[in-house]
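Only one structure is covered here, and it is reproduced in the block below.
The values are calculated or read from the model by the stated rules, or taken from the named source; none is laboratory data. Bear in mind that the values here come from a model prediction, so they are computed numbers and not experimental data. In this analysis, Cβ positions are derived from the backbone assuming ideal geometry, glycine residues included, and neighbour counts consider all displayed protein chains.
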There are 2 protein chains.
Amino acid sequence: MSTSRGPGRRPGSPDTRAAILDSARGLFAERGLKGTTIRAVASEAGVDPALVHHYFGAKDDLFLAALEIKVDPRQVMAPVIAAGVEAAGENLMRVVLRVWDDPEIRLSLLAIVRGVFDREGQRMVRDGFLGIVLGPVGRGLGLDRADERMVFVASQVFGLIMLRYVLEVEPLASMPADLVISTYAPTLQGYFTDDLPS
Amino acid sequence: MSTSRGPGRRPGSPDTRAAILDSARGLFAERGLKGTTIRAVASEAGVDPALVHHYFGAKDDLFLAALEIKVDPRQVMAPVIAAGVEAAGENLMRVVLRVWDDPEIRLSLLAIVRGVFDREGQRMVRDGFLGIVLGPVGRGLGLDRADERMVFVASQVFGLIMLRYVLEVEPLASMPADLVISTYAPTLQGYFTDDLPS
């Protein structure tokens, strides 16, 4: 165990977990996912890096824990990747609706989306939604120009989320999930598999 | 002229215009476009309603003046409507990019978009972008289920704006306008003219 931890803080106590999450939240917001190391989080929290790994696993896991999202995006996205690119538009829409139509998960996600107008919050949105949630889908599906395609996908999903869940614009806000899915699935499918202009 | 105007405020002075705009901004934010009357704006500003009409025209004009957008959306949308529904996806995309790629106009529009997370700002976004900008396009093009289609269009345009101009996500942020237009035009065209699921 490190000797650099704060006075009176016992490793393994809820205090230690909270201190690590606090430190992680601050550093991720300030430096982004790439600019933050487990070592820096540990140092700021006054604990040994091994303890951070022990509690939270890899850096992506720590990032997701720091965001306090009530769902693991990699877990919900795994079936979308496994089902292959031909139905990816509809499958991704199903996941988006299932996650965002759940009031508790939605609340945790909206807290992140609200950061979109300040610089640190923007980093969380980019690193979170694009880096950890959508990026791996594009690569997992083996798409050509995957990053570009996933940004197009993200732009439609993000706009839908804003109008349905934030602005609550009708008729979109009260539209049954199945109808939303069948409206937007072809758009996403196009971004996944159509030839891109160049 | 009204006798109810504030002490020392002369009708026709820059003060009077500013007082009307202040009053309009407050009332539109609080009550929305529909809930606000020219009469209420005049009364709050301490001037005669006829003076409000004289300076700003109809209520929609006053709303746009209050938003201080550096462009008249009805003017830029008129050619999109005139060119007809078959090319509406591409034509609308051209307008979106021309307006948002202009730094001065973009700044004035971003000020409105930033309101999206507070209740009064949301009303301005809905009444402005959907009510005054996009609503008339759908009706002008003679679309069936026009309001629904325009909300789908808005969801893609809004998401694109957020990713390109607010989050500045690459490669979208530095993509040449023509490439952005040809990427998104088919999506908008689909929302304009494809059969909608029901």
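Taking A:R123, is it within 30 Å of A:A24 (Cα to Cα) and at the interface with chain B (Cβ under 10 Å from one of its Cβ atoms)?
yes
Would you check which residues across the stretch B:167-185 are assigned to a helix (DSSP H, G or I), within 7 Å of chain A (Cβ to nearest Cβ) and surrounded by fewer than 19 Cβ atoms within 10 Å (Cβ to Cβ) and list them?
B:L179, B:S182
Can you tell me how many residues within the stretch B:2-42 are among the small types (G, A, S), out of contact with any Gly (no Cβ under 7 Å at 6 or more places or on another chain), at pLDDT below 75 and more than 16 Å from B:H53 (Cβ to Cβ)?
Selection size over the stretch B:2-42: 1.
Please go through the stretch A:189-198 and pick out each residue that is within 10 Å of chain B (Cβ to nearest Cβ) and among the hydrophobic types (A, V, I, L, M, F, W, C).
The one that is within 10 Å of chain B (Cβ to nearest Cβ) and among the hydrophobic types (A, V, I, L, M, F, W, C): A:L196.
If you scan the stretch B:134-145, which residues turn out to be in a helix (DSSP H, G or I) and either over 19 Å from A:R164 (Cβ atoms) or at the interface with chain A (Cβ under 7 Å from one of its Cβ atoms) (or both)?
Within the stretch B:134-145, B:P136, B:V137, B:R139, B:G140 meet the criteria.
May I ask you to say which residue of B:E86, B:E90, B:E120 is in a helix (DSSP H, G or I) and modelled with pLDDT under 95?
Answer to the check: B:E120.
Every residue in the stretch A:134-164 that is basic (K, R) and closer than 14 Å to A:A82 by Cα, please.
Passing the criteria: only A:R139.
I'd like to check something: does the stretch B:150-160 contain any residue that is in a helix (DSSP H, G or I) and more than 9 Å from chain A (Cβ to nearest Cβ)?
There is at least one residue in the stretch B:150-160 that is in a helix (DSSP H, G or I) and more than 9 Å from chain A (Cβ to nearest Cβ).
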